[in-house]
Amino acid sequence: MLDTLARNEAAVRLGIFFGVLMLMMGWEVMAPRRKLNHGRGLRWTGNLGIVALNTGIARLVFPLAPVAVAALAAERGWGVFNVVELTGWLAIAASVVILDFAIYLQHVMVHAVPALWRLHRMHHTDLDFDVTTGARFHPIEILLSIGIKMAVVVLIGAPAAAVLVFEVVLNAASMFNHGNVALPAALDRALRLVVVTPDMHRVHHSIDASETNSNFGFNLPWWDRLLGTYRDQPAKGHRDMTIGIDLFRDPADLRLHRMLAQPFVSEIGDYAINRRDFSDPDHR
Ligand SMILES: [Zn+2]
Ligand SMILES: [Zn+2]
């Protein structure tokens, strides 16, 4: 069944995107975590506009999606799992975990390298944090990310079904963990053992560089805990913390054309390369 779904990849992904988007938008209205500081109309036009733009650009630049590249690799016998035979489900599970780790490392890299931080900071210049923030990435970062994903898929010989599962889960998880939603503290703690929760990822959108350079995971929360980038809560609390970075505080920067220009304007700022403070016990 997963193979049939992989062949209809675009439709499956679009359907799940809109389904989860609607669900999260409803949840945000019913149980919001924070009061939004800016009008939804302005932010959503920019954030959803960039999703549409990214979808078009990705299809133009990469006629083959990562799922199709996985199928091609299987046909040609490229990559570890196409040489070392594992049972189907084991290869799928291992591929999803390895891809998630690669995306974690990529996220750390785009925070560390100054020129790449210029690309990625557009994800952080949203002045509020809600489901639409989860899909707000600069088109050049999207292309970089697809390229890295394809390279990992070919290297490990990930089954096409695993790539589809990963893409769908990553997309849905990103919308969930950017949700402006309130979960009971006990449920948040329990969920954090297996998935990145909104409270965990919100720390990453704090204006405080030490908090911005924490919680890089998008799906699995384990990498941050294992590799020393985990931060439990924001110092000022979820309601009083400031979302965004110190540059681009003008609401006019939430407009699509200004978002697209952000990698190329202004200075790099003080976030890139090792800006996390480990001296304060609260920040460890
Ligand atoms: Zn980030
Ligand atoms: Zn984010």
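The values are calculated or read from the model by the stated rules, or taken from the named source; none is laboratory data. Bear in mind that the values here come from a model prediction, so they are computed numbers and not experimental data. Please note: Cβ atoms are built from the backbone with ideal geometry, for glycine as well, and neighbour counts cover all protein chains shown. The accessibility values were calculated without ligands, DNA or RNA, using every heavy atom of the protein model including side chains. Shrake-Rupley method; radii C 1.70, N 1.55, O 1.52, S 1.80 Å.
Some observations on this one:
- Note, ³J(HN,Hα) from phi for segment 212-217, Karplus 6.51, -1.76, 1.60, rounded to Hz, x at Gly and Pro: 4, 8, 9, 6, 7, x
- Accessible area of the chain belonging to carbon and sulfur atoms, whole % at 1.4 Å probe: 68
- When the chymotrypsin sites (Phe, Trp or Tyr not before Pro) in segment 191-284 are filtered for DSSP coil states and for at most 14 other beta-carbon atoms within 10 Å of their beta-carbon, the remaining sites are PHE278.
- Sparse packing (at most 11 other Cβ atoms within 10 Å of the Cβ) combined with a DSSP loop state is found for none of the chymotrypsin sites (Phe, Trp or Tyr not before Pro) in segment 53-131.
- Highest-fluctuation residue, ASN47, ASN215, ASN37 considered, GNM on the chain with Cα pairs under 10 Å: ASN37
- With protein chains left intact and a 1.4 Å probe, residues in segment 1-100 average 60 Å² of accessible area per residue.
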